[in-house]
Amino acid sequence: MTLRIEHLTKVYPDGTVALADVSLEVPKGQFVAVIGLSGAGKSTFLRCINRLVEPTSGRVWLGDVEVTGADPAQLRLIRRRIGMIFQQFNLVKRCSVMTNVLSGRLGYVPTLPSLLYRFRPEDLSDARANLERVGLLEKAHQRADTLSGGQQQRVGIARALMQKPELILADEPVASLDPATAHVVLDELERMNKQDGMTILCNLHFLSLARRYADRVIGLKAGRLVFDGTPDEIDDARFKEIYGEEAIRVEVA
Amino acid sequence: MSRSGLHSAFIAGVLAILPGFGHFYCREWQRGLVLLLGVPAQAAILYGVGLMWLVIPVGLVWVWSIWDAVCLARGGKCSAVVVCLLLLGVNLAAAWQVTQVHVPKLEPEQRNVIRQILLGLAKPDVAERKTQEQTAVGKYLVPGVGAPSSLTPVKRAPGEPTLKVSPTRARKGERLTVVGSGFAPNAPAEIILLGADEVVVAETKTDSRGRLSASFANPRYIPGVYYVQARISATVRGWQLSDTLKDAAPRMIETVYLALIGTALSVLVALPMSFLGARNLMSGTAVLRGVYILVRTVFTILRSVEVLIFAVIAVAAVGIGPFAGVLALAIHGIGAVGKLYSEAIESIEHGPIEAIRATGANDIQVVAYAVVPQVVPQFIAFTLYRWDINVRMATVIGLVGGGGIGYQLIQYMNLLQWRQAATAIWLIAGVVMIMDYASAVIRERIG
Ligand SMILES: Nc1ncnc2c1ncn2[C@@H]1O[C@H](COP(=O)(O)OP(=O)(O)OP(=O)(O)O)[C@@H](O)[C@H]1O
Ligand SMILES: [Mg+2]
């Protein structure tokens with residue numbers, strides 16, 4: 001499935017134009033890095049795709065399903081296909097790692113059993129497999145807030161994996177992590193991209209990381225799409241265009 | 001820009017004779033409005049409570065306001081601190097008068113009551129010495145037709161006290177003497193003539209060696225054998241709960257349970273409502289926002305009406321008794337815990353909600369997985385806190401007929417049983433302190 005975005009615009013109630021007429025097509029299996037200054041509209045962009053933020057105008061298509069036109073029930077079916085990973089991990093701190101991972105399955109299970117925290121055996125074994133995959137099986141029964149930041153983000157990934165998604169939206173997944181841990185997390189995203197063929201849209205702060213992991217980079221500036229190309233196309237001129245005149249290139253190992 | 005060019009001090013002063021108008025003239029709208037409404041209102045209040053002499057200082061305020069208007073017209077502005085202090089003083093004086101604050105002159109009777117309560121508090125009636133009853137029986141004969149000619153000796157086990165009646169024969173009105181031994185020493189004793197119409201014929205005490213003696217005139221005239229019993233009640237080793245405590249303790253338990261069920265009922269209603277009263281969950285559409293406002297209004301109304309007022313209404317509706325108290329606590333509690341719950345929900349992290357919603361979960365699942373786990377500890381803490389308050393409230397509710405220890409207390413007081421009342425007060429204080437401590441400990445644990 002292809003992700004197609006047409007003239008996507010978001011104006012917040014206070015008048016802030018966070019996204020202005022962004023059009024884009026992302027073929028299946030691409031790893032796309034979204035870069036731009038703080039406030040450029042990166043988070044808004046990702047959130048408009050699964051409608052955590054309701055776009056003001058424009059359309060989003062996932063394959064041949066229109067996300068923007070979906071009613072609430074259809075929207076939930078679409079969201080199941082889109083995993084999301086957050087800068088602040090957004091785990092439920094007081095719940096166990098296992099419960100956090102299982103919650104990724106909520107879109108698939110009937111409401112009543114899920115309210116009693118009951119899951120099917122295959123969901124449970126899936127959860128264990130995904131925890132194993134991110135290397136945290138032995139932490140399954142710990143409270144989520146007893147884990148380090150990097151471990152919490154891996155739980156976040158396991159939660160997204162539970163959805164068996166076709167598309168991953170990652171909103172600065174490594175911005176709260178040290179460089180070494182950041183690589184562990186991004187390596188996992190890369191594996192999901194290369195091995196499982198998931199399309200990945202990932203907001204990143206550092207160009208070096210975009211270079212290392214992404215097939216394609218798009219640059220946002222004040223809500224507008226100002227760059228769309230491969231990582232090596234970003235030379236100093238392009239860099240200044242995206243990040244502004246005063247910016248100097250900061251590299252991260 | 002100097003105001004003197006724009007405003008004449010004279011006009012301002014003249015206008016200010018009507019409080020506020022001088023200020024309006026100088027465009028000092030806020031102070032003008034306060035004066036316009038405040039000065040007459042203050043005067044009216046003092047008139048209303050019949051303290052006309054206090055209007056004089058208010059007159060000073062009026063004078064000050066004219067002066068202030070003149071200053072304003074000249075471009076200055078007077079400080080209102082002195083005036084505010086003056087008004088505070090006036091109102092304190094008025095309040096003193098209205099509430100009849102005075103050094104109480106106590107009548108001897110009132111002094112006695114206070115003394116009794118203080119004595120009771122110093123020496124509450126919680127336990128008393130255990131007592132043991134001892135009895136011994138002797139007999140005598142009223143001779144005549146149908147009576148046996150002689151008496152068989154009374155059987156008794158060794159070590160038990162004995163009682164001897166002499167003489168062994170007596171007609172009505174003749175004096176009989178009873179002598180007993182083997183009783184507990186220094187204990188009050190009753191001499192009882194047994195039979196269908198049992199009578200106490202004499203009262204006495206045992207001596208230091210456990211002996212007693214007494215005499216009485218024989219009241220019986222029908223021939224036959226009569227049994228005389230000596231009954232003593234001796235204090236023995238050990239203590240037992242006092243009758244007061246046996247009366248009051250179940251009432252105290254009733255109060256704690258009353259608070260428990262009152263709290264439980266309010267939680268039952270407030271719990272689902274609180275989600276509808278949380279702004280962060282209800283901001284989606286206009287309908288949701290309307291529900292949110294409605295729920296919070298209900299909470300505010302229920303919370304701002306005092307429990308005692310609900311209690312008085314409930315007593316009128318369902319009669320005196322613990323159920324009236326339960327209703328009062330439950331209704332007021334809905335507002336109180338509901339507001340706390342809603343605020344707890346409003347203060348949760350939004351991130352997890354977003355994350356769960358992004359998985360395709362529906363609204364109910366979002367609440368169950370992202371909201372509930374975040375608020376449970378606070379909900380428990382607030383509920384315990386409410387129970388704690390409710391135990392205190394429940395005792396007061398009892399005073400207006402809501403059952404429990406409070407009702408018992410007011411009954412003791414109506415019967416002038418001051419020592420019992422003091423005991424009940426101790427009981428309340430003890431239980432409240434324990435609850436207070438226990439709920440603090442639990443809240444800390446789950447925090
Ligand atoms: N809920 C909101 N209401 C109003 N304005 C908002 C809201 N969320 C974001 N904005 C504004 O929209 C613009 C884009 O914000 P967004 O969070 O998408 O930027 P970003 O590129 O993700 O920045 P960062 O790198 O700091 O996360 C900013 O100017 C921000 O202030
Ligand atoms: Mg952002």
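The P(r) of region B:129-193 has a tail past 15 Å containing 59 percent of all C-alpha pairs. Using a Debye calculation, one point per C-alpha and no hydration shell, please list log10 I(q)/I(0) for chain B at q = 0.07, 0.11 Å⁻¹ in order. Log10 I(q)/I(0), no solvent term: -0.73, -1.06. Pairs of Cα atoms nearer than 8 Å and 6+ residues apart set the relative contact order; for region A:91-164 it is 52 percent.
The GNM of chain B, with springs linking C-alpha atoms under 10 angstrom apart, assigns the highest mean-square fluctuation among B:Ala316, B:Ala361, B:Ala73 to B:Ala73. Taking each residue as 0.36 nm, the span from B:Ser181 to B:Leu121 lengthens on full extension beyond its C-alpha to C-alpha distance by 17.5 nm. The distance separating the Cα centre of region B:32-54 from that of region A:7-83 comes to 63 Å. Restricting the calculation to Cα atoms, chain A shows an Rg/Rh of 0.97 when the hydrodynamic-style radius is the Kirkwood one.
Out of all DSSP beta bridges in the protein assembly as shown, what portion is antiparallel? Express it as a percent rounded to 5. Expressed as a percentage, antiparallel bridges in the protein assembly as shown total about 75.
Projecting label points 7 angstrom from Cα along Cα→Cβ for B:Val81 and B:Tyr257 puts them 6.1 nm apart.
Counting beta carbons within 10 Å around each of A:Ser96, A:Ser57 and listing the fewest first gives the order A:Ser57, A:Ser96. Look at the stretch A:86-97: the mean tally of other chain Cβ atoms within 10 Å of its residues' Cβ atoms is 5.
Quick check for you: which residues of region B:363-382 have the amide N under 20 Å from the point 7 Å beyond the Cα of B:Glu444 toward its beta carbon? Residues B:377-382 fall inside that zone.
Given 20 °C and 1.002 mPa s, compute D for region A:116-253 with the Stokes-Einstein relation, Rh being the Kirkwood radius over Cα pairs; round to the nearest whole µm²/s.
For these conditions, the coefficient is 128 µm²/s.
Bridges between two residues of region A:25-179, per DSSP, are antiparallel at a rate of about 40%. Thinking of region B:171-297 as a set of Cα atoms, what percent of all their pairs are more than 26 Å apart? For region B:171-297, the share of Cα pairs beyond 26 Å comes to 61 percent.
Please work out the Cα convex hull volume for region B:127-240 and give it in Å³ per residue.
In region B:127-240, the Cα convex hull volume per residue is 109 Å³.
What is the fewest-to-most order of B:Thr162, A:Thr68, B:Thr244, B:Thr285 by other Cβ atoms lying within 10 Å of their Cβ?
Taking fewest neighbouring Cβ atoms as first place, the list is B:Thr285, B:Thr162, A:Thr68, B:Thr244.
Note on chain A: with a GNM built from Cα contacts shorter than 10 Å, the maximum mean-square fluctuation among A:Leu102, A:Leu177, A:Leu167 falls on A:Leu177. Membrane-span-like helices of chain B, defined as complete DSSP H segments with a Cα extent of 24 Å or more along the helix axis and a mean Kyte hydropathy of at least -0.5, are identified as B:29-48, B:55-73, B:81-98, B:243-276, B:286-304, B:322-346, B:372-399, B:418-446. Extending 7 Å from the Cα toward the beta-carbon at both A:Val184 and B:Glu174 defines two label points whose distance is 11.2 nm. Region B:199-229 and region B:322-399 have their alpha-carbon centroids 71 Å apart. For A:Cys202, the residues whose amide H sits under 5 Å from its own are A:Val32, A:Ala33, A:Val34, A:Ala170, ignoring neighbours fewer than 5 places away on the same chain, with H placed 1.01 Å from N. Label sites at A:Val109 and A:Thr56, each approximated as a point 7 angstrom past Cα along Cα to Cβ, lie 4.0 nm apart. Mean projection of the Cα convex hull over all viewing directions, computed for region B:243-446: 12.5 nm².
As a proxy for reagent exposure, A:Cys95, A:Cys202 were ordered by neighbouring Cβ count within 10 angstrom, fewest first; the result is A:Cys95, A:Cys202. Across peptide A:149-162, the mean count of Cβ atoms from other chains lying within 10 Å of each residue's own Cβ comes to 1.
B:Leu18 to A:Leu116: FRET efficiency via 1/(1 + (r/R0)^6), r the Cβ-Cβ distance, R0 60 Å, to the nearest 0.05? Given R0 = 60 Å and the Cβ-Cβ separation, E is 0.25. Relative contact order of chain B: 14 percent, from C-alpha pairs under 8 Å at least 6 residues apart in sequence. Comparing B:Ala311, B:Ala259, B:Ala234 in a Gaussian network model of chain B (Cα springs below 10 Å), the most mobile by mean-square fluctuation is B:Ala234.
Counting every Cα pair in the protein assembly as shown, what percent are over 46 Å apart? It works out to 57 percent of all Cα pairs.
Read-outs throughout are calculated quantities, based only on the coordinates presented, and are distinct from any laboratory measurement. Nothing here was measured: the structure is a model prediction, and the numbers come from that model. Every residue, glycine among them, receives a Cβ derived from its backbone with ideal geometry; neighbour counts consider all protein chains shown.
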